[in-house]
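Taken together, the values in this text are just the output of simple stated rules run on the coordinates, not laboratory data. Predicted, not measured: the structure shown is a model, and the values here were computed from it. Backbone-built Cβ (ideal geometry, glycine too); neighbour counts: all protein chains shown.
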Amino acid sequence: MNIKLNGYRKKELAWLYLFVAPPVLGFLIFGLTPMLFSIFISFQKWDMISTPSWVGFENYIELFKDEKVFKSLFNTVYLMIGIPIGMALSLLLAILMNRSIKGISFLRTMYYLPVISPIIAVSLLWQWILNQDYGLLNHVLWNWFGIKGPNWLGDAAWVKPSLILIGLWGGLGGNMVLYLAGLQSVSSTYYEAAEIDGANGWQKFMRITLPLLSPIHFFVLVMGIIGAFQSFSQIYVLAVDGGPEYSGATIVYYIFQHAFKYFNMGFASAAAWLLGILIFIVTLIQFKFADRWVYQD
Amino acid sequence: MKYKKMADYWALLLLFAGLIFMIAPFIWTLSTSLKAQRNVFEIPPKWIPDPMNFSNYVEVWRQAPLLNGFANSLIIVVVVLTIGLLVAAMSAYAFGKFEFPFKGALFLGLLGTMMIPYSVVMIPQFIGFSWLDWVDTLLPLIVPGLFGNIVVIFFIRQFISSALPNDLIEAAKIDGCSFPRIFWSIALPVMKPALAAQAALGFMGIWNDFLGPLIYLHTPEKQTIQVLIASMQALYIGQSNYPIIMAAAIIAMVPVIIVFFFCQRYFIESLAISGIKG
């Protein structure tokens, strides 16, 4: 019996390793190897045609001398202003939707529509809406409020607010669904206890709802920041060549331009590492401080 | 009780007001796509095009090989989802239900890949795929997806560690069921809801992907629908031909919206579940 069982276990182990092999191989081939290779080429000058030459830290030094790096980094961080605004709005939406009345599921679907729409199509659509002279937004601003709208995507000062606006429109539905699920998992006993103690609506929100949703705040924040660091597609469409005065370019756009427009592979890899390290540090900080404010049950 | 009702009305009112902001861009796009170019600059703008004009759609269809674009996007989605999800399900089963040496280290290592941003690996991957002469083919967009995505593995592992009782596996073992057979006929059916949710999310992610296809696909006939649509902009923005660009945007959106309406439940559930557990 024992021998037979061992035989089975041996076979089982073989199967187990076979089952976990593909992702491990995938990690080695498409994750680890490119990563190491990327470090290597970041110390080279290489256009993919001529022979690469070793330049040491020159790419990194050049990187810190390029004003556009700081501009694109600043833009990337600036666009993150949208994250807290989006969190507040989607939480508000979720609270409004967290009731069982007719028509709610229809509303939920409609608010979710921008989330599933292809980002390229969405960017094209907003490009037209934000047109200075004939766009819908400026038309509404002028006719309803008497405000003369700016040249949203053509004015360096307005490109980033435009991108934030589009990001909010596109992202609200997704976070709303997360918050809705969170709200539905909050046990009603907390509220009942608070009511007995005479808490008002605001107190209940501040002391119960908000803290109990903290795992969701955390998830939305972390994913939002990682996503913002990597935003590219909307920039490609809406801020051609980085937009006026490079005001719309994000760091990934900067990397893309250097890699696939100028074929400056070594330099672009150095820039990619700068981004990689930044994301790593920021995520680490968020997790480090998480236990101070994220409630776990 | 009456107070509750009142609050509901206010909520509905606010939500419908917000809905205008969410939906107007879509309707405006549709409306523009049905106008002749000379009519789009009319002031005040008309919501209902008069005359209704479908020639923009014909023009987009003539300008870009959209059928190829849809086919290419579909090929990537179908191949990556069928094989990638099966592979992910297999390793999730192994990680979630069994003990084996180095399990923790392997899983942790895989989770670490989540930390690597695409921009770091995109350049070396491009160089590698150029060496293989895979540029301008769909392979660089398909092959990496076949090895199973760690996020999906993590999600399914969480799901089956509670949804699939160990006793069931033990009972099957005693009945002489082989390891792959247990996976195929017991574990896989249990995973179905989790797989459906991940398929919905995966479809959305792959179909709407842009950066990867943009880097690799250069010949119009080989491009995905997103890259083709984006190239419409370069073609027509110079002449401010917004109706055609909007028609292109609508064409890109319609398939996703149709899939969404049919599989809504999976989309919204998957997002909710992955958000809380992920």
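Things to note:
- Fewest-first sequence of A:His217, A:His258, A:His139 by Cβ atoms within 10 Å of each Cβ: A:His139, A:His217, A:His258
- Sequence-distant residues sharing a close amide H with A:Gln44 (under 5 Å, placed H): A:Val55
- Global geometry of chain B, whether rounded, prolate or oblate, following the gyration tensor of its Cα atoms and the 1.5 cut on a/c: oblate
- Between the range B:160-225 and the range B:39-96, the alpha-carbon centres lie 22 Å apart.
- With a Förster radius of 30 Å applied to the beta-carbon distance between A:Lys288 and A:Ile39, the computed FRET efficiency rounds to 0.75.
- Taking A:Ile129, A:Ile196, A:Ile41 in turn, the Gaussian network model of chain A (Cα-Cα springs below 10 Å) assigns the largest fluctuation to A:Ile196.
- Gain upon complete extension [B:Ile257, B:Leu108; 0.36 nm per residue less C-alpha separation]: 50.0 nm
- Candidates A:Val20, A:Val177, A:Val140: whichever shows maximal mean-square fluctuation once chain A is modelled as a Gaussian network with Cα springs under 10 Å: A:Val20
- Exceeding the 30 Å Cα-Cα cut-off - candidates B:Lys103/B:Lys173; A:Lys148/B:Lys46; A:Lys204/B:Lys5; A:Lys102/B:Lys35: A:Lys102/B:Lys35
- A:Tyr191 versus A:Trp54: modelled label distance in nm, points set 7 Å from Cα along the beta carbon direction: 6.7
- For A:Ala88 and A:Leu18, the difference between the fully extended length at 0.36 nm per residue and the C-alpha to C-alpha distance is 20.6 nm.
- Sorted ascending by nearby beta carbons within 10 Å, beginning with the fewest, B:Tyr93, A:Tyr60, B:Tyr236, A:Tyr190 become A:Tyr190, A:Tyr60, B:Tyr236, B:Tyr93.
- Under the membrane-span-like helix rule (DSSP H runs whose alpha carbons stretch at least 30 Å along the helix axis, mean Kyte-Doolittle hydropathy -0.5 or higher), chain B yields B:2-33, B:66-97, B:242-277.
- Neighbour counts of other Cβ atoms within 10 Å put A:Trp152, B:Trp61 in the fewest-to-most order B:Trp61, A:Trp152.
- Most fluctuating residue given options A:Glu58, A:Glu195, A:Glu12, as computed from a GNM of chain A linking Cα atoms under 10 Å: A:Glu12
- Under 21 Å from B:Lys222, Cα to Cα: lysines that are on another chain or at least 8 residues apart: A:Lys261
- Rounded, prolate or oblate (a/c below 1.5 giving rounded, otherwise prolate when a/b exceeds b/c) for chain A by Cα gyration tensor: oblate
- Straight-line cross-link partners of A:Lys71 among the lysines, defined as a Cα under 17 Å from its Cα and at least 8 positions apart when in the same chain: A:Lys160.
- Residue-wise HN-Hα coupling along the range A:244-260, computed from phi with Karplus coefficients 6.51, -1.76, 1.60 (Hz; x: Gly, Pro): x, 6, 6, 6, x, 5, 9, 5, 5, 5, 4, 4, 4, 4, 5, 7, 10
- Calculated FRET value between A:Asp47 and A:Leu278, using beta carbons and R₀ = 30 Å, to 0.05: 0.70
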